[in-house]
Each structure stands twice: as C-alpha cells, then as structure tokens.
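Everything below concerns the one structure shown next.
The values are calculated or read from the model by the stated rules, or taken from the named source; none is laboratory data. Computed from a prediction, not measured in an experiment: that's the story for all the values here. Positions of Cβ are backbone-derived with ideal geometry, glycine not excepted, and every protein chain shown enters the neighbour counts.
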Amino acid sequence: MVEITDLNPRIARKFLAPLWSPWGMIVLILALIALLDPARMGELTGTAIRALGSTAPYIVFAVISISYLSASGAEALIANAFKGRERRMIVLAALVGGLAPFCSCEVIPFIAGLLAMGVPLGPVMAFWLASPLVDPASLLITAGALGWGFAIAKAITAVTLGLAGGFIVSFLVKTGAFKNPLRPRKSAGCGSTCGPSTLDQKPVWKFWTEAPRRATFLELGKENMLFLLKWMSLAYLIEALMIAYVPADLIASVLGGTGPKPIILSALIGAPAYLNGYIAPPLLAGLMEQGMTSGAAMAFMVAGAVSSIPAMTAVWSLVKPRVFFTYMSLGIFGAMAAGFAFGAIA
C-alpha cells in the first residue's frame, strides 16, 4: 500500500488543488450536507440559489458594462476621468454609496469593474464601505423598527465610514502600500490587468463592427461571468449554512450589558455574522428590549453589514491580502467607533 507521505508533493498538489477551488469547495460542502443532513439539502441549496438569483441582475450588468468598456476602448477614458480629482471622487463615492441598494456581496461586481478600469483605490474603498450599510429601503425598515434617530445615525455612519476609509486608503496608496490591489488572474479580464486598454485609445462605441473588438467583448464577458459566478455561488452557499445552523439571534443574545465590552464584542461577533439590512432592525429591536445597549446594536449592525462571511469570501477572491485586511479592519474598527459614538449620544 502506498502511504500518503510517499506521494510526490507535486502530484498531491495536482489532485488536491481542485478541492480548494471555489467549485471544489461548493461540491465538498454539498457532499457534506448530503452525508450529514440530507433532509435540509433542498432548503440550503434553495436559499443559496435564491440569494444568487437576487444578485444575478447586478452581476450581468457589471459583466456587460466591463466587457463593453474594454471592447470599445472607453475604459481608459473613464479611468482618466478620476485622475487629479481623487478627493472629490472619495466624497462622491461615499455619498452615492449611501444611496446604492447593494449589500456587501452585491457590490462586489461593481468594485471589480471599477478596480479593473484603474479607478483609484481610495474612491473605490469609500463606495465599498458605504454601500452595504444603508439604502432607501433598509433606511425605512430601520426607522420603523428602531426609530428615526437610529436610522439617521446609521446613514451618517455609512457616509462617515466611507469618507474615513477612502481618505485613509488614499493616503496609504501614496506611501506605496497598495500597488496592484487586484489578485492576478490567468487570462485577460476583470482584474487580470489593471493598465489601459490594449485597444486603440480612441473609443469605438459600435465595437461590434470590428471582429477583434467583438472577440474581446465575448472573451471578457465569459471569463468575468465565470469568475463572479463561482465566487458568489460559494459566498451564498456559506451564507445559507450560517442562516440554517448559526441563528443570528443566538449570536446577538450574548451581547447584552453595559460599558465598552458589549460594543467591542458586538463589532467582533457581528463581523462574521449574517445580518443584512432587512433582518437586522427587527432582531436588534427585540434584543434592545432585553437589555442590549443602543451602542452595541449599532456596532453589531455596522460590522455585520460590511464584513459578513459571504462578503469576506467575495472580497478575498477579488483583492490581495493587504487590501482585504485593510477593508476588514476599517469595517470592524469603524463599527466600534460608530457604536461608541452612538452610545454616547443616544
């Protein structure tokens, strides 16, 4: 019998590598569900498919937009529009992010497109942090469950966190901390190259009249669709597991009490927890009636919106570790700061 230790490491890596790919992880998770809890297979896969379906329009729009901009040669013009105007763009990105109806996973396709077109990381980070926190619908739901004071504070937090994160990252970029933030990809596409378009710099809006541009459009569309589909599928499958096996009310039930400890714990526990802007308000309203402080509730809501495990999975697939940990740190410490600030004035 051949021992595992006798296997050539290169051969072992060749056979084990597919298991660590997004598709491999999806198959492995589904196999474990089928083995350990087959009765819930339909429920879990249904939850993941519905969540992916709700994000599909954003993915399709992002893929078509990225492919069109690359095929027409217009991506360089858009990237040039951000040169020399980074401060203004950070402010606009934070403000627009507060109105965009994206959760932390749905915003990923747009972030991928912006970074691929060479948009500076500062404005991208501002939009990235602000967008998952609030949108018109979740603002109304928050107001109904927790009051307008909490809802307005949440909206202010979204813009403030976006501004702070954008300017901090912009400063770090100037020090050389974030060169080439996107993870390398094997072939050309969203994230594989961050430089100017390889096509003529003068845009050809009717790109379909030229065969090379049509080929570019189709090639990028296929690659980016597969890239986003596999990572978002894994993210939403993990999200479905958390909904089924890690109830949010159980996580939040340990966060009562007063003082700084509940706020810090709320941010740390809220970060990996599944808690979107529609589920959080009624849940937190009940917990606040049971003794959870308003500051802890704010910290938990902010951290859960920005840094949930599904969001972290998608972010990790897109950017290099240094950018990932910066995003996570800004989200968690921003949640703590929001919790302390709101707790002091509430």
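Annotations for the structure displayed:
- Unique residue being at pLDDT 85 or above and part of a helix (DSSP H, G or I) when the list is Ala305, Ala344, Ala311: Ala344
- Within the set Met292, Met232, Met225, the sole residue that is over 22 Å from the mean Cα position of the chain (by Cα) and either hydrophobic (A, V, I, L, M, F, W, C) or at pLDDT 80 or above (or both) turns out to be Met292.
- Selection within the stretch 66-86: residues that are closer than 15 Å to Leu121 by Cβ and over 23 Å from the mean Cα position of the chain (by Cα). The member of this set that is modelled with the lowest pLDDT is Lys83.
- Number of residues in the stretch 1-48 that are modelled with pLDDT of 90 or more and not in a helix (DSSP H, G or I): the value is 1.
- Close pairs (6 angstrom Cβ cut-off, 6 or more residues apart or separate chains): charged (D, E, K, R) in the stretch 134-163, buried (at least 20 other Cβ atoms within 10 Å of the Cβ) and part of a helix (DSSP H, G or I) anywhere: Lys154/Thr142
- Cβ separations smaller than 9 Å between residues 6+ apart or across chains give the following pairs from the stretch 31-43 residues that are loosely packed, with under 12 Cβ neighbours inside 10 Å to residues that are aliphatic (A, V, I, L, M): Ala34/Met41.
- Filter pass, Gly259 being surrounded by fewer than 20 Cβ atoms within 10 Å (Cβ to Cβ), on the phi > 0 side of the Ramachandran plot and modelled with pLDDT under 75: no
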